[in-house]
Structure formats: C-alpha cells, structure tokens
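What follows is calculated from the coordinates using simple rules that are stated; it is not laboratory data. Everything numeric here is computed off the predicted structure, so don't read it as measured data. Note that each Cβ is placed from the backbone with ideal geometry, even for glycine, and that neighbours are counted across all protein chains shown.
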Amino acid sequence: MNRRQPPRVAVWILDFFRVSVGNEPLVGDLLEEFRTGRTAGWYWRQAFMAVVATFGQRFRAHRQYLLAILVGWLAESSVVAALWIFQIPLGLRGLVLGVSGLAAIWVVLYVEYRVRLQLWNNNDSSEEESDELWERVLSPRLVILWCFGYFVL
Amino acid sequence: MARGGYLGEFELMVVLALIRLGEDAYGVPISREIEKRSGREVAIGSVYAALERLEEKGLVTSRLGEPTAERGGRAKRYFRITDSGLNEARQTQRTLVSLWKGLLELSGSGL
C-alpha cells in the first residue's frame with residue numbers, strides 16, 4: 001500500500017480550520033487521491049479550496065451567525081467613529097477601544113463555538129465531546145486573539 | 001415550468017457525473033469524471049460544496065461508508081441522485097437545448 005504523506009503544513013491547515021471535523025470524508029478523499037501520485041502542489045491547491053469551500057458551507061448553513069458578526073463589526077466601527085468625531089481623550093479612547101474590541105472577539109468566538117457545536121451535534125457526537133472541543137480548540141485560540149487584540153490596541 | 005432554482009453550471013456537472021457513475025459515487029470518482037470530461041483540474045472541496053447544496057435541495061442523498069486505512073482511517077461519503085434530481089437534470093437539459101437551438105453563431109456556420 002502507498003504510504004506517501006501529504007505536505008505536513010497543508011494537513012495542519014486543514015486541521016486548524018477544522019475541515020477534518022465537519023468534512024472528514026473530504027480529507028480522506030484528498031489523501032486517497034494524493035496517494036495515487038498527485039503532486040504536493042496539487043494537495044496545497046486542494047487544501048486551500050477545501051478550507052474556502054468548508055467556510056462557505058458553514059456560513060451558508062449558519063446565516064444568523066454571519067449576521068451577528070456583521071452587527072458586531074458595525075457596532076465596533078460605530079464606537080471607533082464616535083471616538084474620533086467627539087475627540088475623546090486618548091487614555092479613555094484606548095480603554096473604550098480595548099473593551100469593545102474584546103467584546104467583538106468574544107462575539108466571534110462564541111459564534112464559532114455555536115457553529116462547531118451544531119456541526120458536532122449533527123455528527124451525532126456527545127455533549128462531553130462538544131465541551132472538549134471548546135476546551136481543546138477554542139480556548140487556546142482565545143488566548144492568542146486576546147494577546148493579539150491587546151498588541152494591536 | 002418546474003418550480004425551484006435552476007442548476008448552476010458546476011452543480012449540473014456534478015449531477016451528470018453522479019448519473020454516469022451510478023451507485024457508490026464519492027468525492028474522488030466524481031471529481032475525476034468531471035476532470036476527464038472538462039479537461040480542467042477540479043477542487044474536491046468545491047465538489048463537496050455543490051453536493052451539499054444539492055442535498056439541501058433534495059436532489060441527492062448521501063450515506064457514510066466504513067473508514068479505511070488507505071484514507072487515514074476516514075470514511076467515504078457515498079452520494080446518489082434522487083428522482084427529483086433526475087427530473088431537475090432533465091428540466092435543465094430541455095431549457096439549455098431550447099436556448100441553444102437556432103444559434104448560428106455557435107453552430108460554426110455563423111463564423
């Protein structure tokens with residue numbers, strides 16, 4: 001049996017964007033086809049398209065969450081615009097931006113959690129696994145985003 | 001006139017590939033079939049996205065197979081066209097043929 005391995009980083013990207021969770025057969029198809037002699041470049045292109053397609057599928061399936069992200073973004077933009085228009089002092093501006101930015105990050109993470117929870121439940125997995133998903137996948141990302149948010153602000 | 005939306009170009013390709021392959025069609029043979037006929041590389045992710053939309057419309061059904069070692073322990077997802085899917089493909093064919101008829105520019109004689 002051909003045990004050729006696809007590019008590690010591409011596999012990691014598929015895993016990071018959780019294509020493997022919601023679309024496991026797709027990842028299996030990519031591996032099967034790669035082992036018939038496809039190139040690493042082919043795998044990269046396919047992995048990129050798989051991430052894009054999976055995101056599209058998720059957004060289509062969860063339009064209400066997409067709307068929530070849009071509303072969050074608009075609210076954040078309104079805060080930024082108000083701070084600029086009303087010439088709020090610099091220190092206070094940083095504080096307000098920090099709080100609203102973190103709130104926006106929380107909204108996005110919560111939305112992601114709900115989307116994944118729904119996908120997970122659709123796959124007939126248990127509630128414990130959903131909790132594990134939150135712990136394993138979303139918490140580390142929350143820390144990274146938190147740090148990134150503070151750095152930017 | 002049939003109710004519901006028309007099949008998009010890529011969706012139609014996927015439906016026709018599914019009809020050609022019959023039973024036990026999954027992502028790899030479907031994308032190979034489209035690649036063979038169109039001569040262009042096909043993203044398996046796009047095939048799945050199209051199949052997902054078709055399934056939502058009730059034009060195809062799917063079931064999971066058993067995980068296999070050569071696929072890294074992942075199962076295959078088998079797709080099958082439904083009666084509504086066949087009707088929709090026929091309707092699209094009729095519409096396209098009707099639109100195509102009498103177009104001299106595309107028949108070769110008009111060039």
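As a proxy for reagent exposure, A:Arg35, B:Arg63 were ordered by neighbouring Cβ count within 10 angstrom, fewest first; the result is B:Arg63, A:Arg35. Each principal axis of the Cα cloud of the stretch B:9-107 was evaluated for its coordinate range; sorted largest first, these ranges are 54, 29, 19 Å. Per residue, the Cα convex hull of the stretch A:8-57 amounts to 58 Å³.
Helical content alone sets the calculated 222 nm signal of chain B at -17000 deg cm²/dmol, taking -39,500 (n - 2.57) per DSSP H segment of four or more residues and averaging over every residue. This ranking places A:Val79, A:Val52 by how few other beta-carbon atoms lie within 10 Å of each, fewest first, which gives A:Val52, A:Val79.
Local charge sum around A:Gln46 (other residues, Cβ-Cβ under 10 Å, Lys/Arg +1, Asp/Glu -1)?
Every neighbour counted, the sum reads -1.
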